[in-house]
Amino acid sequence: MSKVEPITATQELVFEAFDAGKHLCLHGVAGTGKTFLGMFLALDSVFEKSYNRVIVVRSVVPTRDMGFLPGNQKEKQRVYEQPYMAIATELFGRGDAYEVIKGKGLIDFISTSFIRGVTLDNCVVVVDECQNMTFHELDSVITRLGQNCRVIFCGDYRQSDLLRDSEKKGLKDFMRVLDNMKHFETLEFNEDDIVRSELVKEYIIAKLRNGHV
């Protein structure tokens, strides 16, 4: 697996907090590498034998129901696994990396629709696009964590696909709870942390300065 080095000051803080044993909440604007960093740290920990596997958790918003897609459950959820396939391809330099790792039982994907009743042990849990989860869903995820687990939440409340205001504020409310927990480190990514491309950086800066969130 390729070695990843932090590019921005906030990314550096992510590495430091994770190395210090903290659970992470990576929040902020698009294009800042939140999911990429979360996946790298999780996979690196598994390959270093600190944990047995990576669990990626994601909501299936905007529909919340994968029934509209053809195929069985596994075939339907592959749509939502595409970003993690792309990250694995970049990290390992081969297009089938995600499937190989998954075949070895080192990574798994689960939607919030199926997480109730599950206990997660000996793993790193990457909770992605958490702005698309209600407080109840976020609460359900974190209370699934068992022994020898780390969790990394990634999201940005400005990018929520939820429709109701009462649901959209779930991430903000959840982050207020995390702020009162000594085991968590919340790191805020801003426009200076955008690394995806200069075009994305210019667009997001212009959008924010025009009052769009």
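The values are calculated or read from the model by the stated rules, or taken from the named source; none is laboratory data. Bear in mind the structure is a predicted one, so any value in this text is a computation, not a measurement. Positions of Cβ are generated from backbone atoms using ideal geometry, with glycine treated the same way; all protein chains shown enter the neighbour counts. For accessibility, only protein heavy atoms count, side chains too; no ligands or nucleic acids. Shrake-Rupley method; radii C 1.70, N 1.55, O 1.52, S 1.80 Å.
A few notes on this one:
- Check on Ala20, surrounded by fewer than 21 Cβ atoms within 10 Å (Cβ to Cβ) and either under 17 Å from the mean Cα position of the chain (by Cα) or under 20 Å from Leu138 (Cβ atoms) (or both): no
- When residues in the stretch 179-193 are screened for being assigned to a loop (DSSP other than H, G, I, E, B) and within 16 Å of Phe15 (Cα to Cα), 1 of them pass.
- Counting only residues that are open to solvent by 10 Å² or more (accessible area, probe 1.4 Å) and not small (Gly, Ala, Ser), the stretch 23-40 holds 4 of them.
- The stretch 155-167: number of residues that are among the charged types (D, E, K, R), within 17 Å of the chain's Cα centre (by Cα) and in a helix (DSSP H, G or I): 1
- Residue within the stretch 49-64 that is closer than 24 Å to Leu199 by Cα, open to solvent by less than 20 Å² (accessible area, probe 1.4 Å), at pLDDT 95 or above and out of contact with any Cys (no Cβ under 7 Å at 6 or more places or on another chain) present: no
- Residue list for the stretch 90-104, filter: open to solvent by 50 Å² or more (accessible area, probe 1.4 Å) and either hydrophobic (A, V, I, L, M, F, W, C) or in a helix (DSSP H, G or I) (or both): Glu90, Phe92, Glu99, Val100, Lys102, Gly103
- When the residues of the stretch 194-213 are filtered to those that are over 21 Å from Leu37 (Cβ atoms) and part of a loop (DSSP other than H, G, I, E, B), the one that is modelled with the highest pLDDT is Asn210.
- Of the residues making up the stretch 171-188, at least one is within 20 Å of Tyr80 (Cβ to Cβ) and in contact (Cβ under 8 Å) with a residue 12 or more places away in the chain.
- Count - residues of the stretch 136-152 that are within 18 Å of Lys172 (Cβ to Cβ), surrounded by 18 or more Cβ atoms within 10 Å (Cβ to Cβ) and charged (D, E, K, R): 1
- All positions within the stretch 156-213 that are acidic (Asp, Glu), under 25 Å from Ser140 (Cβ atoms) and open to solvent by 60 Å² or more (accessible area, probe 1.4 Å): Asp161, Asp165, Asp179, Glu185, Glu188
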